[in-house]
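I have placed the structure first, in the form of structure tokens, so that the comments after it can refer back to it.
Quick note: the coordinates plus some simple rules give every number you see, no bench work behind them. Computed from a predicted model, the values in this text were never measured in an experiment. No Cβ is skipped: glycine too gets one built from the backbone with ideal geometry, and neighbour counts run over all protein chains shown.
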Amino acid sequence: MASERAELAKLCSSRNWSKAIRILDKLLAKSCSIQDICNRAFCYSQLELHKHVVKDCDKAFQLDPNLLRAYILKGNALSALGRKEEALLIWEKGYEIAVEESTDLKQLLELEELLSSAKLSQQQCSITEDTSVDTPPCDTKVVISEDRVVDTKTVICEDPTTDSSSSDGPTSPTESMTKEANGGSSEEGETGEKKEVSLSINTNKKMVEFCKNPNSGETIKLDRKLFVTNYSSKTKSISLDLRLSRGIAQVNEGNYNQAISIFDQILRETPTYPEALIGRGTAYAFQRELDSAIADFTKAIQSNPSAAEAWKRRGQARAALGEFSEAIEDLSKALQYEPNSPDVLHERGIVNFKFKDYNSAVEDLTACVKRDKKNGSAHTYLGLSLAAVGEHQKAETEHLLAIKLDQNFLDSWAHLAQLYLDLANSEKALQYLDNVLVIDGRFAKAYHLRGLLYHGMGQHRTAIKDLSVALTIEGSNIECLYLRASCYHAIGEYKSAAKDYDAVLDLELDSVDKFVLQCLAFYQKEIALYTASKVNFEFSQFNIDDDIDPLFKEYWCKRLHPKYVCEKVYRQPPLRISLKGGRLNKQEFRFTKHQISLLQAADHIGKRIQYNCPGFLHNRRQYRMVGLAAIEIAQKVSKHWRVLRNAKKNGKPIKKKDKLGLASLNRGGSGCSTSGPSAGTTTYSSVEERGVSVHSLPWQDIYSLAVKWRQISEPCDPVVWVNKLSEEFNSGFGSHTPMLLGQAKVVRYYPNYQRTLDTAKTIILNTKYVTNAEDRLVDLSGKLDKIKSASSCFDLYNLVGENFWVSTTCESMAYEGKKLEGTRITTQMTDRIGFDFAIRTPCTPSRWEEYDEEMAFAWEALCVAYSGDLFASHDLNMLNIVKDAILRMTYYWYNFMPLSRGSAAVGYTVMLGLLLAANMEVTTSIPPGVQVDWEAILSPNPETFIEAVKQWMYPSIKINRSWKDHADVSMVFNTTGSVVAALSSHDN
């Protein structure tokens with residue numbers, strides 16, 4: 001320790017501040033001494049690394065809030081950084097302490113002088129903008145130990161080529177890449193040369209030439225020869241520090257090549273000089289030469305392992321390369337040498353967020369903003385992290401704090417809007433996006449987010465306007481191009497859709513996420529071309545499930561690379577051929593009185609499908625789709641029930657009738673998998689004259705009507721029957737609905753987490769085993785007490801020791817005592833920090849057969865119930881058996897989950913249609929927090945599900961026959977083009 005103190009004194013005497021700092025780093029690593037902290041702050045001030053001065057002074061305040069030396073140094077540093085008001089406040093606070101204690105009269109007088117000078121500066125600035133004020137010099141006494149003082153007063157020259165504001169270390173090469181152009185270094189002269197040197201400083205746009213003597217405060221001209229004579233032994237170290245300062249200034253000014261040249265010269269003379277390596281590495285990082293940057297930071301660490309700055313910057317560079325784990329290790333090492341550093345906490349918090357370690361990000365960024373309340377970036381990243389872990393109210397608070405610090409912080413406005421978009425609060429999302437565009441009408445991200453919001457609300461034309469503006473600003477924005485293509489696709493503007501899909505396919509990509517969009521654009525273009533070819537044909541001929549190749553659909557659902565599909569599947573013909581039979585035109589949007597009446601009724605009925613839960617936007621297009629589908633289902637089912645009842649009344653024989661299918665008009669064409677009759681279609685022309693049974697209208701046909709409406713309403717959702725996929729169906733294609741992804745709580749489904757966890761625990765306690773990823777049973781009979789007390793999926797995973805799943809059961813109605821496999825509750829560790837906790841429903845052929853039987857049995861039971869004595873009943877109590885039968889059928893549908901997606905919407909749509917067919921209308925919305933499909937999935941039998949739903953649904957059901965006054969949906973909107981127009985007209 002004594003030898004290090006002696007070396008420190010020697011280095012300070014020779015003005016070798018960089019090496020002095022390294023000695024102080026070592027001393028502070030062993031013992032945190034307030035004197036050493038102040039000494040390091042002083043050394044940093046000599047190198048004009050003022051941010052480091054501020055950091056060290058803050059550390060000193062933690063040990064002694066009354067330390068006058070720290071108030072002087074910090075005030076000087078803040079003043080040099082241009083933060084004059086903050087400097088004044090610091091000096092005032094220090095002066096108050098000095099007056100109160102009166103222990104160090106010299107420092108009291110120094111603070112008084114600093115305050116007087118600062119206040120005079122303020123007064124002069126208020127009189128004229130051209131007044132320049134000299135920054136008061138630091139007292140240059142360095143305390144080496146308690147009993148030894150080295151006087152280091154000398155004449156220090158300012159750099160004649162830069163302004164007087166001081167240079168801190170190079171700024172962070174992470175996202176913001178903010179630069180502070182505050183140079184500050186000294187010119188060199190040749191040894192022995194006699195010349196007068198004056199220095200130029202640009203203060204408030206006025207050039208002042210001076211060189212200040214810190215002893216007298218007088219401005220003098222300096223004789224270079226005298227300087228060299230007195231300090232010839234110290235020229236080299238001073239020269240290095242001056243060149244280092246100049247290099248740092250070049251980095252901060254964005255002159256990276258010049259900076260690298262300066263650092264190269266220093267490193268040729270001193271190859272292991274850490275500060276020069278850090279400076280050059282930072283310049284490389286700004287030029288995105290990250291490998292070179294990392295190499296320099298690594299050398300700096302090897303030269304000085306306690307150089308926190310080197311660890312921090314290497315962490316930043318590694319984060320920029322996506323090496324998040326290594327970046328976090330480096331930043332954690334930096335925190336060992338600079339505990340609680342707001343800068344390092346900020347950086348590590350950002351990296352943790354990008355690494356999706358949201359809990360650690362929240363911890364780091366919370367600690368950061370406690371120490372640096374004015375860090376807007378830290379506040380907004382904290383908001384993003386809090387939103388990811390489900391703390392939405394706290395997330396809003398952090399974003400608002402960031403905005404309060406800077407009203408023009410566009411990203412924070414956008415993040416706040418995204419928060420409310422995710423929560424499906426469209427009013428607040430629009431409000432904040434409008435605020436962004438008032439600040440900057442050319443902020444492309446805001447237009448993209450607003451377009452996304454309008455798309456989610458079913459306002460596709462309005463979305464197109466915003467997305468088009470965004471694309472005038474950023475023409476190659478793949479997200480905007482893809483979304484605009486899907487909007488054009490949905491409203492029937494297929495030519496524009498195909499053009500945008502092609503543009504997406506032509507883009508050069510730089511991320512996996514964008515590659516997925518490019519893959520989807522291929523599939524979506526094919527679907528758009530297929531739909532275009534059906535525009536002027538009957539909507540019954542729009543049949544994605546039978547007309548599109550199974551392999552194509554499978555790859556589409558799984559978002560796989562289309563190369564294999566291109567080789568194996570026939571492609572749709574070009575647009576000019578697809579539109580040969582006609583195209584959607586304005587005539588389709590001129591509705592008759594009957595059509596308008598039908599659309600109004602559909603809008604009224606369809607809005608009942610809305611989930612009042614976070615994440616589910618109100619979508620008028622989907623309401624209309626649901627209403628039209630429900631009315632069409634009611635019309636067809638009502639007719640079917642009438643035939644059944646008449647057949648029974650007249651004593652006609654009940655027999656099966658072969659289904660009469662209409663041939664697909666895509667016969668033998670590109671993309672077809674069928675060329676004969678279209679499966680699943682039924683005609684009713686002569687049904688009433690023949691014997692009939694429920695088999696003349698299978699349950700699949702009822703649900704297929706709703707599926708078809710769902711497919712056309714939002715064509716970019718791959719909604720298809722799973723059994724119509726390729727041979728992959730045999731291995732069990734499954735749906736996946738996550739509640740927890742890593743550490744992120746999925747907004748829509750996390751509210752079901754606790755109930756699902758409790759269900760999983762109950763299953764384990766009953767069966768005493770789980771099934772692992774290899775489908776082997778894992779015996780847990782010895783751990784049941786711990787299972788009972790488990791409070792999270794993490795706890796369950798630790799008890800099992802590997803990825804696992806348990807299956808819910810579903811009591812059969814067709815076979816007494818039989819239990820079907822319901823859905824699988826799965827727990828998978830995604831990485832060391834999180835889990836995928838989800839429900840998954842595998843659809844294998846054997847499972848399909850079982851549920852097909854259950855659906856057929858439930859449908860037949862419903863038909864028997866309604867076609868019996870309850871037909872035309874006005875008594876809702878008498879109709880309870882029908883309501884129960886409808887809910888029972890809905891229960892099996894939700895547990896079946898036979899679609900690639902969209903099963904929830906289709907199931908509720910059919911339920912509304914079946915109730916209408918029985919002259920019953922649901923007049924209430926789904927209660928807040930209730931998701932009907934989850935009620936079914938987590939109920940072990942249909943009676944439990946019925947009991948849960950009937951409490952809020954049955955009291956709202958009213959007898960309603962007015963729907964019968966409307967024209968037949970399939971006749972009024974008979975072509976595919978008319979259906980597209982009907983769904984799109986509300987957005988005109």
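Observations, loosely collected:
- Debye-sum result for the stretch 369-491 in log10 I(q)/I(0), which assumes one identical scatterer on each alpha carbon, at q = 0.23 Å⁻¹: -1.24
- Projected label distance in nm at K818 and R755, using a 7 Å step from Cα toward the beta-carbon: 2.8
- Zone of H604's modelled label, taken as backbone nitrogen in the stretch 622-642 under 18 Å from a point 7 Å along Cα→Cβ: 623-635
- Efficiency of FRET between T923 and Q62 - r from beta-carbon atoms, R0 45 angstrom, step 0.05: 0.10
- Contour excess over end-to-end distance, with Cα ends at R268 and D502 and 0.36 nm allotted per residue: 78.9 nm
- Look at C480, C863 and count the other Cβ atoms within 10 Å of each Cβ; fewest to most, that gives C863, C480.
- Estimated FRET transfer efficiency when R0 is 35 angstrom, pair K404-S116 (beta carbons, to 0.05): 0.55
- Of K26/K93; K499/K607; K26/K51, pairs whose Cα-Cα distance is over 26 Å: K26/K93; K499/K607
- For the stretch 840-979, convex hull of alpha carbons as volume per residue, Å³: 144
- Compared with the rule-of-thumb size 2.2 N^0.38 Å for a compact globular protein, the stretch 508-562 has a Cα radius of gyration ratio of 1.32.
- Hydrodynamic radius by Kirkwood, which averages 1/r over all alpha carbon pairs of the stretch 600-643, in angstrom: 11.2
- Projected label distance in nm at S332 and H986, using a 7 Å step from Cα toward the beta-carbon: 5.2
- Relative contact order of the stretch 920-986, defined on C-alpha pairs under 8 angstrom at six or more residues apart (%): 42
- Computed Kirkwood radius, in angstrom, where 1/r is averaged over Cα pairs of the stretch 733-842: 14.4
- Measuring r between the beta carbons of Q951 and D513 and using R0 = 35 Å, the FRET efficiency lands at 0.25.
- With 20 Å as the limit, the listed pairs K593/K708; K648/K883; K783/K818; K465/K495; K394/K428 have K593/K708; K648/K883; K783/K818 beyond it between alpha carbons.
- Extension gain from Q287 to S846, taking 0.36 nm per residue of separation minus the Cα-Cα distance: 195.3 nm
- Projecting label points 7 angstrom from Cα along Cα→Cβ for K465 and I959 puts them 4.7 nm apart.
- Figure legend: label point modelled 7 angstrom from the Cα of K26 along Cα→Cβ; residues of the stretch 325-342 with amide N under 18 Å from it are 337-338.
- Whole-Å distance, taken between Cα centres, linking the stretch 29-91 and the stretch 355-377: 23
- Diagonalising the gyration tensor over the Cα atoms of the stretch 298-394 and scaling each eigenvalue by 5 before taking the square root yields semi-axes of 24, 14, 9 Å, largest first.
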